[in-house]
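Values quoted throughout were computed directly from the atomic coordinates according to the rules given, and no laboratory measurement underlies them. Predicted, not measured: the structure shown is a model, and the values here were computed from it. Counting neighbours? That spans all protein chains shown, and the Cβs are built from the backbone with ideal geometry, glycine included.
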Amino acid sequence: MDISSQQSTERKQRYKELLNDLKKQNDIDHNFSVNDLVKLQRNIEINNEIHEENATAIKESHNNNAEILMDAHILKGFHEVISKALVESSEFNDAAYAHAINSFINRGEKSDWDVLANIAMEVNKAVYTKSSMLGAADIEPRERLTKERQKRRPKALTQEKRPDVIGKLKRKDRGAEKINIILKQVNDLYKANNCQPIPFYKLIIDPENFMNTVENAFQISFLVRDGNIAIERGDDSYPQIRVANSDEVKNKTETTQAICSLNMELCEKMKNFYGIEEPMLVVPEDEDLSGESEHSENDDVNVH
């Protein structure tokens, strides 16, 4: 604990002692004695000393919200005790005080609050505080305990193993069937393009249906994860897709991740950039997957 934190803890402890004394004095059911008033005066002096120390700390760190809240509790306690003492030892009460203020501001034809404001400005001092962090005045402040951050233990790195031959995935779930269908379409499009890379956005965008575009992006990400296709930067600075060969899969020892921001504005921009009029990928509906998978059972989809 550094010096400033230790001093802050000591001030909070002194604040708590003052709060306890004020609570005891407020519970007195008889008239205040001279000793009670002397002790009250001494507590006010102690509070002023703590307040000056706290004000100096605030100028240095601007982060003493807990002490500011406790100081507000102290001021409220002093107000209650002094009000009780005045009511019991004199004829002063809140009604008389309000009447005195009313007479003070209504000396002329109209009420003039500026007279009272000028007096208040002379004794008022600005306090550096964050009002949004003070909370309710009646809530007891909680002392925050600083926990030491545990060090992360590095995980043992293991060599990634990939299959020598990537063939057609035969899975029973419908999501896998969609991946197989998209993989076959990408292979056909890649061959039809003379085995040249295909622009990523041109491949996934459906100009008539944004949800199909999102679906295509998901299916392509699965193919990239499985090592069936590769995404790289094209000559137009936008990503492009090509079929990965077996040598690349063998030599790839680490996986990389990329995040693609996809929204309707970007799709419209890419649609105009590539002149997209119809989708390149056609993802079948769920009810069509069973029939599609039956037709594709005799086709082998291999990546070399």
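Distances between placed amide hydrogens fall under 5 Å for ALA244 paired with ILE229, ALA230, all partners being 5 or more residues away or on another chain.
What is the dipole size for the stretch 174-274, taken about its Cα centre, with +1 at each Lys and Arg Cβ and -1 at each Asp and Glu Cβ, in debye to the nearest 20?
That gives a dipole near 200 debye.
3J(HN,Hα) along the stretch 109-115, derived from phi through the Karplus expression 6.51 cos²θ - 1.76 cosθ + 1.60 where θ = phi - 60°, amounts to 6, 10, 5, 10, 6, 4, 4 Hz, with x in place of Gly and Pro.
Take 194-207, 8-21, 266-279, 95-108 and order them by the average number of nearby Cβ atoms within 10 Å per residue, most first; the result is 194-207, 8-21, 266-279, 95-108. Here the convex hull built on the C-alpha positions of the stretch 186-248 has a volume of 92 cubic angstrom per residue. Computed from label points 7 Å out along Cα-Cβ, the spacing between TRP113 and LYS39 is 4.0 nm. Checking the Cα-Cα distances for LYS191/LYS269; LYS84/LYS110; LYS24/LYS147; LYS155/LYS178 against a 30 Å cut-off, the pairs over it are LYS84/LYS110; LYS24/LYS147; LYS155/LYS178.
Once the Cβ-Cβ distance between GLU277 and ASP188 is put in as r, and R0 is 25 Å, what FRET efficiency do you end up with, to the nearest 0.05? Mind dumping the intermediate values first?
On the way: r = 19 Å, r/R0 = 0.77.
Calculated value: 0.85.
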